[in-house]
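Peer 1: Just passing along the structure, written as C-alpha cells.
The values are calculated or read from the model by the stated rules, or taken from the named source; none is laboratory data. All values derive from a computational prediction rather than experimental measurement. Note that we place each Cβ from the backbone using ideal geometry, even for glycine, and neighbour counts take in every protein chain shown. Just the protein is used for accessible areas: all its heavy atoms, side chains included, with ligands, DNA and RNA removed. Shrake-Rupley method; radii C 1.70, N 1.55, O 1.52, S 1.80 Å.
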Amino acid sequence: MKKASSLSELGFDANGAASGFFRPVADDAGATPTSHRRRLTKVSVIGAGNVGMAIAQTILTRDLADEIALVDALPDKLRGEMLDLQHAAAFLPRTRLVSDTDIAVTRGSDLAIVTAGARQIPGETRLNLLQRNVALFRKIVPALAQHSPDAILLIVSNPVDILTYVAWKLSGFPVNRVIGSGTNLDSSRFRFLLAEHLDVNAQDVQAYMVGEHGDSSVAIWSTVSVAGMPVLKSLQESHSSFDEEALEGIRRAVVNSAYEVISLKGYTSWAIGYSVANLVASILRDQRRIHPVSVLATGFHGIADDHEVFLSLPARLGRGGVLGVADMELTEEEARRLRRSAKTLWENTQLLGL
C-alpha cells in the first residue's frame, strides 16, 4: 500500500472536497469568501535532530505559527518526524506542517531557526569543529536569505555566539534580524537554582547570565532580585558561606548543567525547546520582552568599537527582531569578566577569515 501523508497522495482529488459537507456563505457583497484575510505566520526549523524537533514541537503546542517547515539532510528521518507530528493533528492547534531536504521549502518564512550543526569527532579540536560548522552555514544561510529576505534568523547551533556572527556575515541581514539563542537557557538554569534555594517560583527571580554561551559566561550577581529585593546582600548576610568562591561554584554549576544532562540522557532537548519557543513568542507576538540573547555587543561595557563580536546581553525582542539592548549597570569585576568573554569570542572569530 502506498505510504502517504494526505488523501491527495493516495489519488483522491482534494479540489472542492469540502463542498459536499458545507453550504457556501456569501459576504455582504454577495461574493463567497475564499480565505481568511489575516496574514499567516511561517516558521522554519533547519535541523530535525533532538533539539530541532523539541523546538518545533513546543512551537506547535503553543500555537505560535500557522505553518512550520522542517528541513534536514536525512529524508527518511525528516518525513518520519513530520508524520509523527501530523498524526497528532486532532489534539493540536491547526498548523500546516511541511518538510523537505530542499531549503526552498522555507520560502516566505517570518522566522528561520537554525539548529543544524556538525557533531564533534573524538579527538577533533574545537577549531576544526567550528570550521566544519562554518562550511555547513555557507550552504544554509545564503539560501535562507534568498528564499526569505525579510525573515529573522534565530541561531541555536553551537558554538552559538560565533555561528550567530557567521550567520550575520553570510546573510547580509541587518544586525537586528540576526539573533543567537545565547544565554537565555543559561539564565533559566541560574534562576532555577536560586528559586529552589529561596523556595519561590523561578519566574519571580530576576537573574541574568551574560557573555558567551559557554565556559566564560558571566553571572550578574549585582542585579539578582526577587520581588524587587536584592538577593545577593540578603544571602551574604544570612549565609556566611556565600563568598566569592561559592558564587563562582554556582556559576560553574550553571555552565556544567548541560554537560550533566548530556552525560545522563545523551543530549539536551526539552529545556532548549522551551527556551527557543519563549524567544519565538516574544518575536512573533511583538511582546517587547527582555531576553539575554546573542547580539552584536560592539561598544558595550568597554568592548572595543572595532571588535564585531556577538555575545549575550539583555535585549528587547519584538516583531522587528532586536529592538534594543539594555546597557546594564555592572560592577567593575562583572564588566572585566564580560570583556574577557568578548576577547575569547573575538579571537575565535578572527580565525574564520570572514
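Peer 1: With a cap of 12 neighbouring Cβ atoms within 10 Å, and only residues DSSP puts in a loop, list the GluC sites (Glu not before Pro) found in the range 256-354.
Peer 2: Working: sites: Glu260, Glu308, Glu329, Glu332, Glu333, Glu334, Glu347; in loops: Glu308, Glu329.
The qualifying sites are Glu329.
Peer 1: Just one of [x] 30, 23, 20; [y] 40, 23, 20; [z] 28, 26, 23 is semi-axes √(5λ) of the Cα gyration tensor in Å calculated from these coordinates, so which is it?
Peer 2: [y]
Peer 1: Then there is this: Return the distance in nm (one decimal) between the two label points of a simple spin-label model at Arg107 and Arg316, each offset 7 Å from Cα along Cα→Cβ.
Peer 2: Here the answer is 3.7 nm between the modelled labels.
Peer 1: Same structure again: Working out 0.36 nm times the residue gap between Val261 and Gln86, then minus their Cα-Cα distance, what length gain in nm do you get to one decimal? Working shown, then result.
Peer 2: Numbers: separation 175, 0.36 × 175 = 63.00 nm, distance 2.88 nm.
Separation in residues times 0.36 nm, less the Cα-Cα distance, equals 60.1 nm.
Peer 1: With every protein chain left in place, what is the accessible area per residue of the chain in square angstrom, probe 1.4 Å? It would help to have the intermediate numbers written out before the result.
Peer 2: Details: 18590 Å² over 354 residues.
Accessible area per residue, the chain: 53 Å².
Peer 1: With charges only on Cβ, +1 for K and R and -1 for D and E, what is the dipole size of the range 117-220 about its Cα centre, in debye, rounded to 20?
Peer 2: On the way: 9 positive and 9 negative charges, 127 e Å.
For the range 117-220, the charge dipole is close to 600 debye.
Peer 1: How much of the DSSP bridge set in the chain is antiparallel, in percent, rounded to the nearest 5? Walk me through the numbers before you get to the answer.
Peer 2: Working: 20 of 41 bridges.
Taking every DSSP beta bridge with both residues in the chain, the antiparallel ones total about 50 percent.
Peer 1: Using the Cα gyration tensor of the range 73-197, with a ≥ b ≥ c the square roots of its eigenvalues, what is the shape: rounded (a/c below 1.5), prolate (a/b larger than b/c) or oblate (neither)? Before the final figure, lay out the partial values.
Peer 2: Numbers: a/c = 1.39, a/b = 1.10, b/c = 1.26.
Rounded, because the longest to shortest axis ratio a/c is under 1.5.
Peer 1: Run the dipole for the chain about the Cα centre, Lys and Arg Cβ at +1, Asp and Glu Cβ at -1, nothing else charged, and hand back the magnitude in debye, nearest 20. Before the final figure, lay out the partial values.
Peer 2: Working: 36 positive and 39 negative charges, 212 e Å.
In debye, rounded to 20, the chain gives about 1020.
Peer 1: Roughly speaking, what is the stretch gain from Arg62 to Leu40, that is 0.36 nm per residue apart minus the C-alpha to C-alpha distance, in nm to one decimal?
Peer 2: Numbers: separation 22, 0.36 × 22 = 7.92 nm, distance 1.57 nm.
Residue separation times 0.36 nm, minus the Cα-Cα distance, leaves 6.4 nm.
Peer 1: Using 1/(1 + (r/R0)^6) with R0 = 30 angstrom and r between the beta carbons of Ala304 and Ala135, what's the FRET efficiency to the nearest 0.05?
Peer 2: Working: r = 28 Å, r/R0 = 0.94.
Step by step, r from the Cβ atoms, then E = 0.60.
Peer 1: So how many Lys-Lys pairs in the chain land under 26 Å Cα to Cα, not counting same-chain pairs under 8 apart?
Peer 2: Eligible lysine pairs with Cα atoms under 26 Å apart amount to 9.
Peer 1: Quickly estimate the mean residue ellipticity at 222 nm for the chain, helices only: each DSSP H run with n ≥ 4 gives -39500 (n - 2.57), and the total goes over all residues, rounded to 500.
Peer 2: Details: 9 runs with 136 residues, N = 354.
About -12500 deg cm²/dmol.
Peer 1: Separate question: Would you please classify the overall shape of the range 253-292 from the alpha carbon gyration tensor, given that a ≥ b ≥ c denote the square roots of the eigenvalues, rounded means a/c under 1.5, and beyond that prolate means a/b larger than b/c while oblate covers the rest?
Peer 2: Details: a/c = 6.53, a/b = 2.33, b/c = 2.80.
Taking the square roots of the gyration eigenvalues as a ≥ b ≥ c, the range 253-292 is oblate.
Peer 1: Where in the chain are the DSSP H helices whose alpha-carbon span along the long axis reaches 20 Å or more and whose Kyte-Doolittle mean is at least 0.0? Display every interim value, and only then the final one.
Peer 2: On the way: long enough: 126-147 (31 Å, 0.18); 184-198 (21 Å, -0.11); 244-265 (32 Å, 0.04); 270-284 (21 Å, 1.51); 332-349 (25 Å, -1.74).
Once both thresholds are applied, what remains is 126-147, 244-265, 270-284.
Peer 1: A follow-up question, please. Could you work out the relative contact order of the range 35-110? I mean the mean sequence separation of Cα pairs under 8 Å and 6+ apart, divided by the number of residues, in percent.
Peer 2: It rounds to 37 percent for the range 35-110.
Peer 1: Using +1 at the C-beta of Lys and Arg and -1 at the C-beta of Asp and Glu, which of Pro230, Ala56, Gly299 has the Cα lying farthest in the positive direction of the dipole of the chain?
Peer 2: About the Cα centre, the residue reaching furthest to the positive side is Ala56.
Peer 1: Would you please classify the overall shape of the range 145-265 from the alpha carbon gyration tensor, given that a ≥ b ≥ c denote the square roots of the eigenvalues, rounded means a/c under 1.5, and beyond that prolate means a/b larger than b/c while oblate covers the rest?
Peer 2: Numbers: a/c = 2.65, a/b = 2.09, b/c = 1.26.
Note, shape of the range 145-265 comes out prolate.
Peer 1: Let me ask something additional. Highest GNM mean-square fluctuation, the chain, Cα pairs closer than 10 Å: which of Ser234, Ser341, Ser225?
Peer 2: Ser234
Peer 1: If you place +1 on the Cβ of every Lys and Arg, -1 on the Cβ of every Asp and Glu, and leave all else neutral, what size is the dipole of the range 211-354 about its Cα centre, to the nearest 20 Debye? Spell out each step's value before the answer.
Peer 2: On the way: 14 positive and 18 negative charges, 139 e Å.
Once rounded to the nearest 20, the dipole reads 660 debye.
Peer 1: Calculate the length of the line joining the C-alpha centroid of the range 254-322 to that of the range 45-73, in whole Å.
Peer 2: Between the Cα centre of the range 254-322 and that of the range 45-73, the gap is 18 Å.
Peer 1: A further question follows. With all protein chains present, how much of the accessible area of the range 271-354 (probe radius 1.4 Å) comes from carbon and sulfur, to the nearest whole percent?
Peer 2: Numbers: 1720 of 3700 Å².
So the carbon and sulfur contribution to the accessible surface is 46 percent.
Peer 1: Ignoring everything but the protein chains, give the 1.4 Å probe accessible area of Tyr274 in square angstrom, nearest 10.
Peer 2: 140 Å²
Peer 1: Kindly state, to the nearest 0.05, the FRET efficiency for Arg119 paired with Lys233, given R0 = 35 Å and r defined as their beta-carbon distance. Kindly include the intermediate steps, with their values, before the conclusion.
Peer 2: Working: r = 44 Å, r/R0 = 1.26.
It comes to 0.20.
Peer 1: Could you point to the residue in Gly324, Tyr208, Ala89 farthest towards the positive end of the chain's charge dipole, with +1 and -1 charges on the Cβ of Lys/Arg and Asp/Glu respectively?
Peer 2: Most positive-ward Cα: Ala89.
Peer 1: If you don't mind, another one. Run the quick spin-label model on Asp204 and Arg288: label points 7 Å from Cα toward the beta carbon, then report their separation in nm to one decimal.
Peer 2: For the pair Asp204/Arg288, the computed spacing is 2.6 nm.
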